[in-house]
1. Applying the selection to region 97-125, what residues are outside any loop (DSSP other than H, G, I, E, B) and under 15 Å from Asn9 (Cβ atoms)?
2. On the given criteria, is Phe505 outside the structural domain of Val385 (by TED's automatic domain parsing), of a type in the set (A, V, I, L, M, F, W, C) and touching a residue at least 12 places away in the same chain (Cβ under 8 Å)?
3. Taking interchain pairs and intrachain pairs at least six residues apart, which have beta carbon atoms under 6 angstrom, with the first residue in region 311-330 and farther than 16 Å from Val346 by Cβ and the second of a type in the set (Gly, Ala, Ser) and part of a helix (DSSP H, G or I)?
4. Given the criterion assigned by TED's automatic domain parsing to the domain that holds Phe298, of a type in the set (A, V, I, L, M) and out of contact with any Leu (no Cβ under 7 Å at 6 or more places or on another chain), identify the matching residue among Ala326, Ala317, Ala357.
5. Do you know which residues across region 440-455 are surrounded by fewer than 24 Cβ atoms within 10 Å (Cβ to Cβ) and of a type in the set (A, V, I, L, M)?
6. Only one of these conditions is not met by Ala376: (1) within 30 Å of Met497 (Cα to Cα); (2) surrounded by 14 or more Cβ atoms within 10 Å (Cβ to Cβ); (3) in contact (Cβ under 8 Å) with a residue 60 or more places away in the chain. Which number is it?
7. Of the residues that sit in region 220-237 and are of a type in the set (Ser, Thr, Tyr) and surrounded by 14 or more Cβ atoms within 10 Å (Cβ to Cβ), which one is nearest to Val346 (Cα to Cα)?
8. Can you tell me which of Lys62, Lys34 is within 20 Å of Ser8 (Cβ to Cβ), at pLDDT below 80, of a type in the set (Lys, Arg) and surrounded by 14 or more Cβ atoms within 10 Å (Cβ to Cβ)?
Amino acid sequence: MRAILSVSNKTGVVDFARGLRELGVELYSTGGTKKAIADAGIAVDSISTLTGFPEILDGRVKTLHPSVHGGIVARRDLPEHMSALAEAGITTIDIVVVNLYPFVETVTRSGVTLEEAIENIDIGGPTMIRSAAKNYESVAVVVDPADYDRVLNQLKENALDSGARMRLAQKAYQHTASYDTAISRYLCDEMFPEHMTIALEKALSLRYGENPGQNACFYTVQDVKTSDRGLGTLTVHSGPEISFNNLLDFDSAVNALAPFARPTVAILKHTNPCGLASRDSLAEAYVLALTGDPVAAFGGVVASNRPIDGSTAEEIAKTHYDAVIAPAYSDDALALLSQKKSLRIVSVPFPEREDDALEFRHVRGGFLVQTRDCIAEEELSPKQVSKRSPTDAEMDDMLFAWHAVKSVKSNAIVLAKDSVLLGMGAGQPSRVESVAIALKKAGDRTMGAVLASDAFFPFADGPELALQAGITAIIEPGGSVRDDEVVEAVDKYDAAMVFTGMRHFRH
């Protein structure tokens, strides 16, 4: 048997080579891989021994040769193939061990030039991988160091059969597909090209999906256009296994907190923030966030955009939650919260700013693709449309509510005062129903509070209901054919209203 070894990731390759030699396999290798194997005292020949031709063009051409690919792709069950090899003096290759230049690692480093990126596009490697995978009936192709021990054991037990080789081939094609996806994505200068592939990597196996009858896993997206790996960097510190629904809530938590610069705490239930508050003191922000809906908060998820300290942890520990998510935890906070064995404690880096990374949403038969919903700078200077100007305090609260309402399911209504969410209405088929729910949640705290609506009010009934309850200022996109009626209702109560010109639906 003969094997070619040419790897960028050299983890375990020396031990694997040693194991192959102990089984009597002849080894051929290139460049750094050959040096690593030879330095370990293992007999290995150069690829040039097979090809009779030296590496040229700074190593760009070394395996692209009939003596390599003929030996890989020749079908052993076809006499004409074997005769052709014999006439050309080509020997068969039985094992191909290849992984590719670190393109993703290279282009995601800061300051990388296009020339450096191009030089890290592997040519010979993918060609050998695809050749070997195509001929898996006769050739074993190994692209993942995690498979080295299994392949050695199968070779020892004469169990590297067609089925095992086919599984290796599938993995090999996925390896090259992901590699090509990264290159294509890097070179693409269009937001929405005519053709697009998505490279996914399995991150977590989950007990089940949204419901126990559904199977599920968590895959991370490989995207060289963004440095935000999101939940792919999640660390579990304590608590039960992370669930499908936990991950949905964690994603909503990061989205809810991303717009806020001040220390902010959100409490989420079923991906909606039912509590939200900003304060210089994180512990105070948590206590105020809990007032948004202390009943709904039970069993929910607490999220913070700052590392959780001991005093904040003491407050959190007073209520039963399913999970806590933050960028980090102080030692005493982690020790305290970890005492709750049913509480999942996780950390994930929060983005410093929102970007326009692509979002994918599956529908039957395809994906909807859009840029992330971000608040534009001009929305922070909304247009006054009422007769009365909002006070400075009202404007601050309206902007807080505007940042908050973006993460609530449509039709979304948020009531706020002093940078605290007082009540919210979410996911209702009519906007006035969401207003009624938000008012009910806020109770007697509505006097002097403000309201944010993620889209325009189609009628004046919603604003009138809020104004009657004591709301003094409203922020919404505007754009309804009945805007004049809505503004007239606001003026009737001597309240203030501003239009942002942009809606933020979250279906």
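The values are calculated or read from the model by the stated rules, or taken from the named source; none is laboratory data. Just so we're clear, the structure is a prediction, and the values are computed from it rather than from any experiment. Cβ sites come from the backbone with ideal geometry, for glycine too, and all protein chains shown count toward neighbours.
1. Within region 97-125, Val97, Val98, Asn99, Phe103, Val104, Glu105, Thr106, Gly125 meet the criteria.
2. Answer is yes for this residue.
3. Listed pairs, sorted by first residue: Ser311/Ala283; Glu315/Ala283.
4. Among Ala326, Ala317, Ala357, only Ala326 is assigned by TED's automatic domain parsing to the domain that holds Phe298, of a type in the set (A, V, I, L, M) and out of contact with any Leu (no Cβ under 7 Å at 6 or more places or on another chain).
5. Selection gives Met447, Ala455.
6. (2)
7. Only one residue fits best here, namely Thr220.
8. Lys62
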